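Report on the following structure.
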Amino acid sequence: MPIRLLAAATPIALLLSGPVAAGPDPTDWEAVLDEARGQTVYWYAWAGEQRTNDYIDWVAGRVEEQFDIELTHVKIGDTAEAVSRVLAEKQAGNHGQGNVDLIWINGENFATMKANDLLFGPFAESLPNFALTHPEHNPEVVTDFTLPTEGYESPWGRSQITFYYDSNELRGDNQQVAAPPQDMSALLEWAAANPGRFTYPRIPDFTGSTFLKQALIELSDEDKALYAPVEESDFAAVTAPLWDYLDALHPHLWRSGRQFPATGHEMRSLMGDGELSLAFTFTPSEPAAAVADFELPESTRSYVPQGGTLGNVHFVAIPFNSPHKAGALVIADFLLSPKAQAHKQDLDVWGDRTVLDVARLDDDSRALFSLDERNPAMLPPGALQRTLPEPHPSWMTALEDAWKARYIGN
């Protein structure tokens with residue numbers, strides 16, 4: 001009887017939802033490769049950094065040569081733009097001819113797509129190169145802001161807050177910045193002693209929003225609340241220490257906290273121009289790469305505070321209504337290849353950290369990931385071992401909305 005009821009319900013469900021594009025079977029990889037040939041894949045990816053754009057261009061050249069796939073980078077300023085497009089297509093009944101084939105995604109955007117059944121999958125574990133991440137030893141590659149990915153997105157890079165400073169800059173007491181602040185309390189003291197020499201990007205820039213989460217994790221004693229949906233907590237009570245802290249910090253920031261750089265890239269430019277003495281990034285090798293590109297002085301040094309910093313993995317996902325799923329699968333797998341991961345980690349290219357378990361690669365593949373440790377702005381070995389997990393994705397939106405309500409226009 002249950003089987004007959006299920007069979008009877010199926011046509012009704014299809015009638016209500018409209019036709020859904022059939023997807024390739026990710027476990028039949030040869031069939032995926034055959035279907036992918038000649039496809040054009042539209043990858044919606046954040047385009048706020050030229051290094052990132054150049055890397056995606058490199059990927060496009062490689063997949064065209066190797067797999068006869070044309071990759072088009074659709075440049076967006078916010079991943080939410082792509083998510084909104086897919087959601088609108090579903091609401092309009094477009095279940096098979098979507099505009100988006102691949103999305104660079106994580107956090108609240110992944111949570112939104114997953115909750116609204118906007119994703120194709122599961123597929124990640126079927127990618128031939130996925131095994132190189134060794135998820136049994138690296139669970140972060142299958143977890144996104146506390147949420148299990150369940151194979152609906154594939155990892156391709158790592159991020160972690162990293163601070164950097166100009167070691168030649170003088171503090172207010174005429175001592176070099178030899179011992180930079182190691183926690184939020186020390187940062188406030190440093191900012192007060194060095195007015196105008198630190199800032200963070202304007203919310204909702206993701207680097208700025210990550211700074212809010214880092215501060216909240218350090219300042220709040222409600223750790224459990226941060227890793228559950230925000231509606232399950234007393235938001236005002238949990239975040240009160242954060243707003244008190246920012247109220248005290250803002251008068252000491254660049255331009256007295258009345259204006260904020262629009263992006264992390266703009267914050268880095270302020271460091272290069274000598275307007276700031278201390279900054280941070282969500283790409284650990286960014287300061288070293290910027291030194292190599294002569295965007296920051298050789299006196300730049302990077303560090304991770306002793307208590308650790310917030311970090312996460314970023315992913316790619318395939319919308320449920322992509323008409324070119326096979327091509328998107330092949331590109332997702334190529335992004336996990338040692339060659340693509342090593343090229344991405346190269347300081348002269350992007351400097352984005354690999355998601356592969358390098359220690360478990362074969363000798364030839366492992367050799368691709370050697371780093372030039374002569375760059376003085378490189379983090380010392382082991383600096384990124386203390387990684388703080390991301391809060392539940394609902395906290396990011398709630399924090400951004402509260403910040404804008406409190407400080408917008410100031």
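The values are calculated or read from the model by the stated rules, or taken from the named source; none is laboratory data. Computed from a predicted structure; not experimentally measured. Note that each Cβ is placed from the backbone with ideal geometry, even for glycine, and that neighbours are counted across all protein chains shown. Side chains are part of the model used for accessible areas, which takes the heavy atoms of the whole protein and leaves out ligands, DNA and RNA. Shrake-Rupley method; radii C 1.70, N 1.55, O 1.52, S 1.80 Å.
Annotation note: of ARG268, ARG255, the sole residue that is surrounded by fewer than 16 Cβ atoms within 10 Å (Cβ to Cβ), among the basic types (Lys, Arg) and within 30 Å of ALA289 (Cβ to Cβ) is ARG255.
Taking the stretch 387-410 only, how many residues are open to solvent by 40 Å² or more (accessible area, probe 1.4 Å) and more than 19 Å from the chain's Cα centre (by Cα)? Before the answer, list the steps.
Of the residues in the stretch 387-410, the ones open to solvent by 40 Å² or more (accessible area, probe 1.4 Å) are 387, 389, 397, 401, 404-406, 408-410.
Still in the running and more than 19 Å from the chain's Cα centre (by Cα): 401, 404-406, 408-410.
Qualifying residue count for the region: 7.
Filtering the stretch 360-370 to residues that are touching a residue at least 40 places away in the same chain (Cβ under 8 Å) and assigned to a loop (DSSP other than H, G, I, E, B) leaves only LEU361.
With the structure loaded, tell me whether ALA237 is in contact with a His (Cβ under 8 Å, 6 or more places away or on another chain), small (Gly, Ala, Ser) and under 23 Å from PRO391 (Cα atoms) or whether it fails that test. If you could, list the steps in order and put the result at the bottom.
Working: in contact with a His (Cβ under 8 Å, 6 or more places away or on another chain): no; small (Gly, Ala, Ser): yes; under 23 Å from PRO391 (Cα atoms): yes.
No: the conditions fail for ALA237.
For (1) at pLDDT 90 or above; (2) touching a Phe, Trp or Tyr at 6+ places or on another chain (Cβ under 8 Å), each residue gets a yes or a no:
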{"residue": "LEU5", "(1), (2)": "no, no"}
{"residue": "THR10", "(1), (2)": "no, no"}
{"residue": "GLY38", "(1), (2)": "yes, no"}
{"residue": "VAL41", "(1), (2)": "yes, no"}
{"residue": "TYR44", "(1), (2)": "yes, yes"}
{"residue": "ALA47", "(1), (2)": "yes, no"}
{"residue": "ASN53", "(1), (2)": "yes, no"}
{"residue": "ILE56", "(1), (2)": "yes, yes"}
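If you check SER337, SER322, SER302, SER285 for being touching a Phe, Trp or Tyr at 6+ places or on another chain (Cβ under 6 Å) and either of a type in the set (A, V, I, L, M) or touching a residue at least 24 places away in the same chain (Cβ under 8 Å) (or both), only one passes: SER302.
Residues in the stretch 271-295 that are over 18 Å from the mean Cα position of the chain (by Cα) and open to solvent by 20 Å² or more (accessible area, probe 1.4 Å) were compared, and the one that is nearest to ARG406 (Cα to Cα) is GLU275.
Quick check on this structure: which one of SER233, SER209 is closer than 17 Å to THR397 by Cβ and more than 20 Å from the chain's Cα centre (by Cα)? Steps first, please.
Details: SER209 fails: more than 20 Å from the chain's Cα centre (by Cα).
Unique residue meeting the criteria: SER233.
Of all residues in the stretch 95-131, exactly one satisfies the criterion of being in contact with an Asp or Glu (Cβ under 9 Å, 6 or more places away or on another chain), of a type in the set (A, V, I, L, M) and open to solvent by 50 Å² or more (accessible area, probe 1.4 Å), namely ALA131.
A count restricted to the stretch 260-273 and to residues that are free of Cβ contacts under 8 Å to residues at least 40 places away in the same chain and either within 19 Å of ALA192 (Cα to Cα) or in contact with a strand residue (DSSP E or B) (Cβ under 7 Å, 6 or more places away or on another chain) (or both) stands at 1.
Every test in (1) more than 30 Å from ASP247 (Cβ to Cβ); (2) in contact (Cβ under 8 Å) with a residue 24 or more places away in the chain; (3) in contact with a Lys or Arg (Cβ under 7 Å, 6 or more places away or on another chain); (4) not hydroxyl-bearing (Ser, Thr, Tyr) is passed by PRO391 save one, and that test is (1).
Test LEU384 against the criterion of being of a type outside the set (Val, Ile, Thr) and open to solvent by less than 30 Å² (accessible area, probe 1.4 Å), and give yes or no.
Details: of a type outside the set (Val, Ile, Thr): yes; open to solvent by less than 30 Å² (accessible area, probe 1.4 Å): no.
Considered against the rule, which asks whether it is of a type outside the set (Val, Ile, Thr) and open to solvent by less than 30 Å² (accessible area, probe 1.4 Å), LEU384 comes out as no.
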